[in-house]
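First the structure, in the form of structure tokens, and then the observations on it.
The values are calculated or read from the model by the stated rules, or taken from the named source; none is laboratory data. All values reported here derive from a predicted model rather than from experimental measurement. Here the Cβ is made from the backbone with ideal geometry for all residues, glycine too, and neighbour counts use every protein chain on show.
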Amino acid sequence: MSVPVIDLFAGPGGLGEGLSRSNSADFKVVVSIEKDAMAFETLRLRAAHRALLKGANTPESWQTWDEILGREHWSEVFEKLRNCKDPGIRSACEMAAEEAWHFELGSHNRETVSKGIRQRLQPFLVKGKLPRNIVLIGGPPCQAYSLVGRARNRGKEGYRPEEDHRHFLYLEYLRVINEFKPAVFVMENVKGILTSTIEGKQLFATITEDLRRPDRACGTPEMLEYVLVALPNGAEGWFPPHPDAEDFIVRAETHGIPQARHRVIICGVRRDVYEDAKNMVGRLQPAPVTSVAQVIHGLPRLRPEVSYRGRGLSWLDSFSLPLMEKALQELRSRPGEQGRKVAVAMENRLRAMQQQDDPGRGKDRHPLPNFPAPKVRPEWYADRPLTLLTNHESRSHMPEDLVRYLFVACFGEVAETSSPRLADFPPCLLPRHKNVDPNNISAAIFKDRFRVQLAGAPSMTVTSHIAKDGHAFIHPDSTQCRSLTVREAARLQTFPDSYVFLGNRTSQYTQVGNAVPPLLAYQIGELVGDVLHRAGLASALPSSPHQLVDATC
């Protein structure tokens with residue numbers, strides 16, 4: 001029995017990708033809706049890739065696919081695939097064109113959304129009625145809820161939260177719940193939603209109240225009730241029957257994701273489905289910590305690109321050696337051993353860079369036969385044989401930032417467990433920024449503006465801010481002396497290497513930062529499929545047994 005999936009506010013498709021790869025049920029994404037034009041292009045391309053994986057593909061099909069991806073501009077890729085000679089690729093693209101929709105959810109197009117979803121659900125109707133096993137996924141945009149977004153909004157003259165439509169986009173999600181009555185829904189958002197208020201009332205309390213009883217919120221007479229389930233493990237096996245707001249926080253790094261990403265994830269199970277499933281819902285299980293080095297292993301080494309301030313010089317020639325010498329002198333003059341050790345590491349790494357073969361620029365898309373998979377979960381990242389690596393190109397850096405990056409990366413290698421704060425910087429390397437006073441470092445707002453992602457630990461949260469600059473995402477290999485590429489960030493987000501992000505590089509970074517890690521979505525999909533199976537709404541058995549808990553609320 002197939003399970004139709006509706007994906008709202010889909011972004012590049014991380015949630016849908018994870019559920020589609022779940023073994024616990026035959027999940028089929030029937031419609032995914034995204035308003036951002038470039039994220040939509042990525043979403044549609046991936047839908048075609050997924051259809052081809054499950055459909056009529058041959059080695060020749062994938063060769064054709066990779067050839068077109070390797071030579072066409074991103075804006076032409078899908079149409080070239082859609083019109084190529086391979087029938088399997090053409091069919092997959094037609095399916096993707098029906099699945100992925102490009103428009104903005106809102107009051108102005110609710111009727112269009114309703115009609116479109118109903119049309120896509122036609123193959124799943126049971127005696128003319130909607131199927132009982134629909135799954136709804138998605139996360140309303142988070143800009144209005146995030147702490148950074150709220151701080152920015154407070155600085156806007158005349159800003160009133162109650163008039164910001166973004167606070168209420170969850171209502172579009174709610175209306176789809178009320179109309180299509182999914183057996184299970186999964187809603188994701190930032191932690192800031194827990195503390196966001198409107199006219200003095202906690203917005204999260206309103207949202208959860210509406211999600212429990214969407215019929216009341218939408219003013220419909222038919223009773224519709226959901227049990228809200230917090231998926232993370234409770235302390236020492238305890239699981240709260242009435243989850244508090246904080247219980248819904250999922251800490252991705254505790255579930256094998258190589259990133260300290262903390263998000264609010266609400267799982268709602270329709271009351272009758274919950275009871276048919278014996279009032280039990282599985283919970284996310286802990287997994288060994290996965291480090292940055294483990295997942296970016298095998299990706300080609302790249303040299304950093306140099307911005308226009310490098311005056312066209314090669315990256316080593318543009319490296320500011322006078323600044324480097326001054327930094328080394330200041331580090332050696334510091335009390336204690338750490339400064340001297342970092343200085344020695346910087347000298348050794350620079351010498352190695354000067355002697356090693358040029359690692360190459362690394363184009364955005366270039367052939368790579370026999371491409372190596374990461375050290376952990378290689379079968380996850382390599383979902384098919386690849387002859388093309390995409391989205392792996394260094395951004396351009398200022399010459400003086402190359403020295404900063406070298407210092408920060410070497411500090412991380414020496415300290416092993418920490419990235420330097422501004423107080424650890426040699427004075428000559430302090431960023432020339434209005435918020436950084438060399439004589440009063442303690443007053444600086446962002447004391448860790450430059451951060452290396454430590455090789456032996458999960459990364460910090462990959463956010464959309466990575467699109468603006470890479471200072472907070474410096475590569476742990478100091479001899480590469482650069483920030484992370486889109487592909488490296490995508491690996492930290494657990495996207496397979498075959499997942500191609502379209503659009504310009506700024507958009508690619510934004511898409512990756514806004515996405516739900518597919519591997520985490522996969523684990524959630526395993527739990528959802530388990531519930532549906534025990535309720536008699538899915539035919540596939542779970543791939544592995546889950547610990548069941550009473551999640552009554």
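Name every residue in segment 32-49 that is of a type in the set (A, V, I, L, M, F, W, C) and either within 27 Å of THR64 (Cβ to Cβ) or modelled with pLDDT under 95 (or both), in order of residue number. Full working, then the answer.
Of the residues in segment 32-49, the ones of a type in the set (A, V, I, L, M, F, W, C) are 33, 37-40, 43, 45, 47-48.
Scanning segment 32-49 gives ALA37, MET38, ALA39, PHE40, LEU43, LEU45, ALA47, ALA48.
Looking only at residues of segment 1-57 that are under 14 Å from TRP101 (Cα atoms) and among the acidic types (Asp, Glu), we find that the one that is surrounded by the most Cβ atoms within 10 Å (Cβ to Cβ) is ASP7.
For segment 362-411, the set of residues classified as of a type in the set (A, V, I, L, M) and at pLDDT below 85 consists of LEU368, ALA373, listed by residue number. Please verify whether segment 384-393 includes one or more residues that are of a type in the set (Val, Ile, Thr), part of a helix (DSSP H, G or I) and in contact with a strand residue (DSSP E or B) (Cβ under 6 Å, 6 or more places away or on another chain). No, that holds for no residue.
Answer with yes or no whether ILE249 is modelled with pLDDT of 90 or more, within 24 Å of ILE137 (Cα to Cα) and buried (at least 18 other Cβ atoms within 10 Å of the Cβ). Before the answer, list the steps.
Numbers: modelled with pLDDT of 90 or more: yes; within 24 Å of ILE137 (Cα to Cα): yes; buried (at least 18 other Cβ atoms within 10 Å of the Cβ): no.
It is false that ILE249 is modelled with pLDDT of 90 or more, within 24 Å of ILE137 (Cα to Cα) and buried (at least 18 other Cβ atoms within 10 Å of the Cβ).
At least 3 residues being of a type in the set (S, T, N, Q) is the threshold, and among the helices (runs of 4 or more DSSP H) wholly inside segment 41-146 those reaching it are 59-71, 110-120. Of all residues in segment 508-519, those being out of contact with any Lys or Arg (no Cβ under 8 Å at 6 or more places or on another chain) and either crowded, with 24+ Cβ neighbours inside 10 Å or among the hydrophobic types (A, V, I, L, M, F, W, C) (or both) number 6. Sub-7 Å Cβ pairs linking a first residue in segment 178-198 that is free of Cβ contacts under 8 Å to residues at least 40 places away in the same chain to a second residue that is hydrophobic (A, V, I, L, M, F, W, C) and assigned to a helix (DSSP H, G or I), at least 6 apart or interchain, are THR197/LEU203, ordered by first then second residue.
Does PRO131 meet the test of being surrounded by 17 or more Cβ atoms within 10 Å (Cβ to Cβ) and assigned by TED's automatic domain parsing to the domain that holds GLU172?
On the way: surrounded by 17 or more Cβ atoms within 10 Å (Cβ to Cβ): yes; assigned by TED's automatic domain parsing to the domain that holds GLU172: yes.
Criteria met by PRO131.
Right, LEU224: in the same structural domain as THR494 (by TED's automatic domain parsing), among the aliphatic types (A, V, I, L, M) and either at pLDDT 90 or above or more than 28 Å from VAL512 (Cα to Cα) (or both) or not?
For LEU224, the condition - in the same structural domain as THR494 (by TED's automatic domain parsing), among the aliphatic types (A, V, I, L, M) and either at pLDDT 90 or above or more than 28 Å from VAL512 (Cα to Cα) (or both) - is not met.
Look at segment 450-474: where a residue is closer than 21 Å to GLY14 by Cβ and a partner is surrounded by fewer than 18 Cβ atoms within 10 Å (Cβ to Cβ) and among the β-branched types (Val, Ile, Thr), sitting 6+ places away or on another chain with Cβ atoms under 6 Å, you get ALA467/THR506.
Here is a list: VAL190, VAL176, VAL148. Which entry is within 29 Å of the chain's Cα centre (by Cα) and modelled with pLDDT of 95 or more? Lay out the reasoning, then the answer.
Working: VAL190 fails: modelled with pLDDT of 95 or more; VAL148 fails: modelled with pLDDT of 95 or more.
Exactly one of VAL190, VAL176, VAL148 is within 29 Å of the chain's Cα centre (by Cα) and modelled with pLDDT of 95 or more, namely VAL176.
Only one of VAL436, VAL486, VAL452 is modelled with pLDDT of 95 or more, of a type in the set (Val, Ile, Thr) and more than 30 Å from ALA37 (Cβ to Cβ); which? Full working, then the answer.
Details: VAL436 fails: modelled with pLDDT of 95 or more; VAL486 fails: more than 30 Å from ALA37 (Cβ to Cβ).
Of VAL436, VAL486, VAL452, the one residue that is modelled with pLDDT of 95 or more, of a type in the set (Val, Ile, Thr) and more than 30 Å from ALA37 (Cβ to Cβ) is VAL452.
Of all residues in segment 255-301, those satisfying the criterion of being closer than 16 Å to PRO378 by Cα and either free of Cβ contacts under 8 Å to residues at least 24 places away in the same chain or crowded, with 23+ Cβ neighbours inside 10 Å (or both) are ILE257, PRO258, THR290, VAL292, VAL295, ILE296. Screening ARG505 with (1) surrounded by 24 or more Cβ atoms within 10 Å (Cβ to Cβ); (2) over 27 Å from PRO232 (Cα atoms) gives one miss only, at (1). If we scan segment 6-25, do we find a residue that is in contact with a helix residue (DSSP H, G or I) (Cβ under 8 Å, 6 or more places away or on another chain), assigned to a helix (DSSP H, G or I), over 24 Å from VAL184 (Cα atoms) and touching a residue at least 24 places away in the same chain (Cβ under 8 Å)? Checking segment 6-25: not a single residue is in contact with a helix residue (DSSP H, G or I) (Cβ under 8 Å, 6 or more places away or on another chain), assigned to a helix (DSSP H, G or I), over 24 Å from VAL184 (Cα atoms) and touching a residue at least 24 places away in the same chain (Cβ under 8 Å).
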